[in-house]
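These notes are about the structure you will find just below.
The values are calculated or read from the model by the stated rules, or taken from the named source; none is laboratory data. Everything numeric in this text was worked out from a predicted model, so none of it was measured. A quick note on method: Cβ atoms are made from the backbone with ideal geometry, for glycine too, and the neighbour counts reach across all protein chains shown. SASA here: full protein model, heavy atoms, side chains in, ligands and nucleic acids out. Shrake-Rupley method; radii C 1.70, N 1.55, O 1.52, S 1.80 Å.
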Amino acid sequence: MATTTSFSDLTARDIMTEDVVTAHPSWPVERLADFFMEYNISGAPVTDDHGDLVGVVSMSDLTPHIPRPG
């Protein structure tokens, strides 16, 4: 039988993704959108060519830059 955990008992470790994929700071917005769709994610850490963390980007960061029809 599965155990149920209440929301207040959850930690970041309980819901985090362990197989992390990263974005690169030079990627255009269109590439980021494709990346999020490809991995079915809404955000990712951004790492430089040395693998150092330089930031985080999310779908909400993309929204103002996505062209709207008309």
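Can you pull out the residues in the range 47-59 that are modelled with pLDDT of 95 or more and of a type outside the set (D, E)? Of everything in the range 47-59, those that are modelled with pLDDT of 95 or more and of a type outside the set (D, E) turn out to be T47, H50, G51, L53, V54, G55, V56, V57, S58.
Of all residues in the range 40-53, those that are in contact (Cβ under 8 Å) with a residue 12 or more places away in the chain have Cβ atoms under 6 Å from Cβ atoms of residues that are open to solvent by 50 Å² or more (accessible area, probe 1.4 Å) and assigned to a loop (DSSP other than H, G, I, E, B), 6 or more apart or on another chain, in A44/T22; P45/T22; V46/P25; T47/T22. Filtered by the rule that a residue be without any contact (Cβ under 8 Å) to a residue 12 or more places away in the chain and surrounded by 12 or more Cβ atoms within 10 Å (Cβ to Cβ), the range 8-30 gives W27, E30. Taking L62 as meeting all but one of (1) under 12 Å from the mean Cα position of the chain (by Cα); (2) among the aliphatic types (A, V, I, L, M); (3) modelled with pLDDT under 90; (4) exposed (fewer than 12 other Cβ atoms within 10 Å of the Cβ), write down the number of the exception. The number of the failed condition is (4).
If you take the residues in the range 31-43 that are surrounded by 12 or more Cβ atoms within 10 Å (Cβ to Cβ) and among the small types (G, A, S), which one is nearest to L62 (Cα to Cα)? So, considering only residues that are surrounded by 12 or more Cβ atoms within 10 Å (Cβ to Cβ) and among the small types (G, A, S), the one nearest to L62 (Cα to Cα) is A33.
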